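Step one of this worksheet: look at the structure below.
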Amino acid sequence: MPDTALLIIDMQSALLADAHDAEGCLFRVAALANRARSTGAPVVYLRQRLDLTVPGLTAELVDVHPTVAPQPGDAVLDKVSADSFLDTTLGDLLREQAVRRLVVTGFATEYCVDSTCRSALSRGYDLVLVSDGHTTPERPVGAVPTAAQVIAHNNAIFSTIQYAGRSILVTPAAKVGFEARSVSLDGQP
């Protein structure tokens, strides 16, 4: 059984409405989820709890986007903070399945994706950040940094950051595998 799990963070329709390259990101994450399932690797969805009393917000918009919808056997956990481990059972679920490495995707790059990656490293997990598998809201025209720059900056930070005893890899979705240690630190199988 693989020692790797795929985390899909906050890929909810309401949140992705104005996200950078949302469609491309969704398709890449969906393909990753299918590859993970085909190897028996756990696929774990984290959903940001949203207030359904907000005008215009419906249950369909709060749910995971249909392109990456959970399948039977996938875990779905609700969360209330940017850190997917905080006040959730994520850590317990990963320990039960002997997961040692996390492949992280999702929304929003500089908030929930970043917080979850750092928390995972602090908890002893090795990390694969999918460089083209996370996104963030588009900014108004002329705003700096742009959404693309935020994503590139986050990828650059995790490409150079070091945590003692942890491996960290930033690589595109096409190079991610889920067999035990199927991707080396240089991104090669």
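With respect to VAL99, is the statement that it is crowded, with 19+ Cβ neighbours inside 10 Å, closer than 20 Å to ALA30 by Cβ and modelled with pLDDT of 95 or more true?
Values: crowded, with 19+ Cβ neighbours inside 10 Å: yes; closer than 20 Å to ALA30 by Cβ: no; modelled with pLDDT of 95 or more: yes.
Against the criterion (crowded, with 19+ Cβ neighbours inside 10 Å, closer than 20 Å to ALA30 by Cβ and modelled with pLDDT of 95 or more), VAL99 does not qualify.
Is it true that some residue in the stretch 132-149 is hydrophobic (A, V, I, L, M, F, W, C) and buried (at least 24 other Cβ atoms within 10 Å of the Cβ)? No, the stretch 132-149 contains no residue that is hydrophobic (A, V, I, L, M, F, W, C) and buried (at least 24 other Cβ atoms within 10 Å of the Cβ).
All but one of (1) polar (S, T, N, Q); (2) closer than 25 Å to ASP3 by Cβ; (3) modelled with pLDDT of 95 or more hold for THR109; state the number of the condition that does not hold. Answer for THR109: the failing condition is (2).
The values are calculated or read from the model by the stated rules, or taken from the named source; none is laboratory data. Quantities reported herein were computed from a predicted structural model and do not represent experimental measurements. Glycine gets a Cβ as well: all are built from the backbone with ideal geometry, and neighbour counts include every protein chain shown.
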